[in-house]
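**Student:** Quick one: the structure is below, and I'll ask about it shortly.
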């Protein structure tokens with residue numbers, strides 16, 4: 001009985017201490033990030049060709065040779081991490097990566113501020129129950145459902161709907177649907193909001209295990225913001241990054257802030273994307289198929305999208321994808 005009580009008390013103390021440490025860490029990161037935000041305000045942006053230091057991968061837009069992953073390699077739901085592994089910036093097998101090395105690689109490759117590059121791997125380590133300072137991660141560990149990976153991803157079918165639950169490979173049909181939905185010659189915040197709205201409606205309809213809380217919604221919109229803040233909405237660059245998880249030759253991050261893109265600056269785009277996604281109660285989930293780009297047979301697609309033209313007005317600027325000459 002005494003041992004049980006001691007165990008309960010120790011768990012409570014450790015839980016309180018962990019929560020306090022987490023709160024202090026977040027406060028420190030926010031203050032630190034505000035400093036970089038202020039420095040960026042009074043500092044000129046870096047010029048093209050000088051964004052990545054000499055001697056580092058990607059200097060002058062010259063990236064290490066790209067190789068597609070082999071069957072034994074570990075890959076994640078995140079194209080940003082997978083691309084770094086495919087180029088050898090992270091270990092090509094995607095395994096046993098120290099969290100601290102991941103922070104440095106993200107910083108040098110995508111020009112995020114040190115705060116951003118510290119916080120994201122720190123969050124991964126916390127969710128996985130590992131030490132940020134001494135721990136390592138396999139990229140496939142990022143597929144932990146509802147820990148880091150989430151439903152209604154733009155690039156992957158929900159874990160519950162995926163054969164074998166594999167989140168390490170991009171779903172080409174979803175990427176096709178995304179580019180079909182883009183209305184101009186560049187990806188915009190409105191495009192990201194519209195496709196996110198479609199994906200959430202589609203997944204709510206088809207996935208009986210669907211779940212998405214407020215944090216996961218913002219996390220999803222954070223992933224979307226990368227399309228704008230890191231790739232500048234460039235469709236050719238995004239196609240290389242999304243389909244092949246490859247950094248285009250000559251590419252450099254669109255964010256050129258001298259101290260890197262801060263969490264504060266990044267969140268302005270995140271909130272704009274999320275604000276443009278209407279509550280699911282107002283939507284007709286039938287339009288979540290984007291005209292059947294999600295692999296439905298033609299007959300089933302036509303049955304599920306009958307009358308879709310009348311309902312498409314629910315989404316401003318929505319256009320039906322062209323499939324097989326339809």
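The values are calculated or read from the model by the stated rules, or taken from the named source; none is laboratory data. Here the structure is a predicted model, which means the values were calculated and not measured. Every residue, glycine among them, receives a Cβ derived from its backbone with ideal geometry; neighbour counts consider all protein chains shown.
**Student:** So, residue 90, is that one part of a loop (DSSP other than H, G, I, E, B), in contact with a strand residue (DSSP E or B) (Cβ under 7 Å, 6 or more places away or on another chain) and crowded, with 20+ Cβ neighbours inside 10 Å or not? Can you show your working first?
**Tutor:** Numbers: part of a loop (DSSP other than H, G, I, E, B): yes; in contact with a strand residue (DSSP E or B) (Cβ under 7 Å, 6 or more places away or on another chain): yes; crowded, with 20+ Cβ neighbours inside 10 Å: yes.
Against the criterion (part of a loop (DSSP other than H, G, I, E, B), in contact with a strand residue (DSSP E or B) (Cβ under 7 Å, 6 or more places away or on another chain) and crowded, with 20+ Cβ neighbours inside 10 Å), residue 90 qualifies.
**Student:** Name the one entry in 251, 241 that is at pLDDT 90 or above and in contact with a strand residue (DSSP E or B) (Cβ under 9 Å, 6 or more places away or on another chain).
**Tutor:** Numbers: 241 fails: in contact with a strand residue (DSSP E or B) (Cβ under 9 Å, 6 or more places away or on another chain).
On inspection, the qualifying residue turns out to be 251.
**Student:** Kindly establish whether residue 293 is crowded, with 16+ Cβ neighbours inside 10 Å, in contact with a helix residue (DSSP H, G or I) (Cβ under 9 Å, 6 or more places away or on another chain), modelled with pLDDT of 95 or more and assigned to a loop (DSSP other than H, G, I, E, B).
**Tutor:** Against the criterion (crowded, with 16+ Cβ neighbours inside 10 Å, in contact with a helix residue (DSSP H, G or I) (Cβ under 9 Å, 6 or more places away or on another chain), modelled with pLDDT of 95 or more and assigned to a loop (DSSP other than H, G, I, E, B)), residue 293 does not qualify.
**Student:** Filter segment 20-58 down to the residues that are farther than 15 Å from residue 251 by Cα, in a loop (DSSP other than H, G, I, E, B) and at pLDDT 90 or above and list them by number.
**Tutor:** 42, 43, 44, 45
**Student:** Would you confirm whether any residue within segment 6-19 is surrounded by 11 or more Cβ atoms within 10 Å (Cβ to Cβ) and either modelled with pLDDT of 80 or more or in a loop (DSSP other than H, G, I, E, B) (or both)? Break it down stepwise before answering.
**Tutor:** So the first thing to find is which residues in segment 6-19 are surrounded by 11 or more Cβ atoms within 10 Å (Cβ to Cβ), and the list is 18.
Pick out the ones that are also either modelled with pLDDT of 80 or more or in a loop (DSSP other than H, G, I, E, B) (or both) and you get none.
No: segment 6-19 contains no residue that is surrounded by 11 or more Cβ atoms within 10 Å (Cβ to Cβ) and either modelled with pLDDT of 80 or more or in a loop (DSSP other than H, G, I, E, B) (or both).
**Student:** Still on this structure, I have one more. Can you give me the number of residues within segment 93-113 that are in contact with a helix residue (DSSP H, G or I) (Cβ under 6 Å, 6 or more places away or on another chain) and in a loop (DSSP other than H, G, I, E, B)?
**Tutor:** Number of matching residues: 2.
**Student:** Same structure again: Restricting to segment 59-79, count the residues that are out of contact with any helix residue (DSSP H, G or I) (no Cβ under 8 Å at 6 or more places or on another chain) and not in a loop (DSSP other than H, G, I, E, B).
**Tutor:** Filtering segment 59-79 down to residues out of contact with any helix residue (DSSP H, G or I) (no Cβ under 8 Å at 6 or more places or on another chain) leaves 59-65, 70-72.
From what is left, the residues that are not in a loop (DSSP other than H, G, I, E, B) are 59-61.
Qualifying residue count for the region: 3.
**Student:** If residue 287 satisfies every condition in (1) at pLDDT below 95; (2) surrounded by 20 or more Cβ atoms within 10 Å (Cβ to Cβ); (3) within 16 Å of the chain's Cα centre (by Cα) but one, which is the exception?
**Tutor:** (3)
**Student:** Of all residues in segment 133-147 being part of a helix (DSSP H, G or I) and in contact with a helix residue (DSSP H, G or I) (Cβ under 9 Å, 6 or more places away or on another chain), which is farthest from residue 99 (Cα to Cα)? Working first, answer last.
**Tutor:** Restricting attention to segment 133-147, the residues satisfying the condition of being part of a helix (DSSP H, G or I) are 139-143.
Those left that are additionally in contact with a helix residue (DSSP H, G or I) (Cβ under 9 Å, 6 or more places away or on another chain): 139, 141-143.
Values: 139: 11, 141: 12, 142: 12, 143: 16 Å.
In this case the residue turns out to be 143.
**Student:** Being under 23 Å from the mean Cα position of the chain (by Cα) and surrounded by fewer than 16 Cβ atoms within 10 Å (Cβ to Cβ) is the filter here, so list the residues in segment 53-67 that pass it. So that I can check it myself, show each step before the final result.
**Tutor:** Quick first cut of segment 53-67, residues under 23 Å from the mean Cα position of the chain (by Cα) only: 57-58, 61, 63-64, 66-67.
Residues satisfying the conditions are 61, 64, 67.
**Student:** Additional query: Any idea which of 131, 162 is over 21 Å from residue 73 (Cβ atoms) and surrounded by fewer than 19 Cβ atoms within 10 Å (Cβ to Cβ)?
**Tutor:** Being over 21 Å from residue 73 (Cβ atoms) and surrounded by fewer than 19 Cβ atoms within 10 Å (Cβ to Cβ) holds for just one of 131, 162, which is 131.
**Student:** Against the condition buried (at least 20 other Cβ atoms within 10 Å of the Cβ), at pLDDT 95 or above and over 29 Å from residue 165 (Cα atoms), how does residue 113 come out, does it pass? Before you say what the answer is, go through the steps one by one.
**Tutor:** Numbers: buried (at least 20 other Cβ atoms within 10 Å of the Cβ): yes; at pLDDT 95 or above: yes; over 29 Å from residue 165 (Cα atoms): yes.
Criteria met by residue 113.
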